[in-house]
There are 2 protein chains.
Amino acid sequence: MADPLSKAFAALADPTRRDIVARLTMADATVSELAAPYDVSLQAVSKHLKVLEDAGVVTRSRDAQRRPVHLDAQVFDLMTKWLERYRQQAHERYERLDELLADLPDDVPTEPPPHTHPPEQRTPR
Amino acid sequence: MADPLSKAFAALADPTRRDIVARLTMADATVSELAAPYDVSLQAVSKHLKVLEDAGVVTRSRDAQRRPVHLDAQVFDLMTKWLERYRQQAHERYERLDELLADLPDDVPTEPPPHTHPPEQRTPR
DNA sequence: GGCGTATTCAACCAATAGGTTGACTCACTG
DNA sequence: CAGTGAGTCAACCTATTGGTTGAATACGCC
């Protein structure tokens, strides 16, 4: 799973990971600090952090034996952009449809429109 | 995996599924239409659609034997809200930190700041 | 009623994800 | 230098995911 967007979305698809992100908005934290509230092993949390790091959501520095985890919300922009783009396009299309339906109220008086989209030559397989 | 946010993020973590969403912003489409460009089986695409539907990204109506798939970008709002919230908080915290660092330039004249974050009483365990 | 088209259901398979435990490394501390 | 605390690595297990093929279902059309 190479592409950044896939990794980013996948990283946030886990509630524990989202919770970690939420807590990191308050302050950087060490692995053990982050692990404390959850009833999974430290290693499991370490794995979660690796996933987050790999997705670019988080960076880890070194401070003696600590590995302070720091949130890097840049990737969020990428996701937001994707979401915004298609949310908006879907919305615009909806508007356009409304407009269209408002435009031809006498063309097709009472019948339901047969197809929203033309058959567009399916491959007969 | 019950919670809506997890389902939504997971649904978009797959490039094929994101592509389907992208194409649905242009127009509703049937399963076979959607499946055409990919070199996976129709059934695989059907499964993808089930995932998207389950995540609330897509709705399916019935038109004879067709099952036209329609994008419902409402869930995107939920995701965007989550992302925005933490993106912003992270940003704010960053600003606050800058401010703080700008405030005490003579307290610690040349030494590197020992800790970005105070030790904040680790549980000694 | 029988045929073809559109789609789903079911069983199966390989790879991945999320979790576990145990051993190891690394850096401070006494 | 021995001990301790913080993390990671490795091997393993189970459930889920994304894919497959083959059979079943649901409509519309001669």
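What nm distances, shortest first, do you get from the label point of B:LYS81 to those in the other copies when the point sits 7 angstrom along Cα to Cβ?
Between copies, matching label points for B:LYS81 lie 2.5 nm apart.
Taking each residue of B:17-27 in turn, how many C-beta atoms of other protein chains fall within 10 Å of its C-beta, and what is the average?
The mean count of partner-chain Cβ atoms within 10 Å per residue comes to 4.
Cross-link partners among lysines for B:LYS81, C-alpha distance below 20 Å, same-chain residues fewer than 8 apart left out?
Straight-line reach from B:LYS81, under 20 Å: A:LYS7, A:LYS81, B:LYS7.
Using the Kirkwood radius built from alpha carbon pairs, what does the Stokes-Einstein equation give as D for region B:12-93 at 4 °C and 1.567 mPa s, in µm² per second?
Translational diffusion coefficient: 94 µm²/s.
Using θ = phi - 60° and the Karplus form 6.51 cos²θ - 1.76 cosθ + 1.60, what ³J(HN,Hα) does each residue of region A:17-28 get, whole Hz, x for Gly and Pro?
Per residue, the Karplus-derived 3J(HN,Hα) values read 5, 4, 5, 4, 4, 4, 5, 6, 5, 7, 6, 4 Hz.
Go through region A:14-70 and name the trypsin sites (Lys or Arg not before Pro) that are in a DSSP coil and have 12 or fewer other Cβ atoms within 10 Å of their Cβ.
Sites meeting the loop and neighbour criteria: A:ARG62.
Bear in mind these aren't lab numbers, they're just calculated from the coordinates by the rules spelled out. These numbers come from a predicted model, not from an experiment. When we count neighbours, we look across all protein chains shown, and the Cβ atoms used for this are built from the backbone with ideal geometry, even at glycine.
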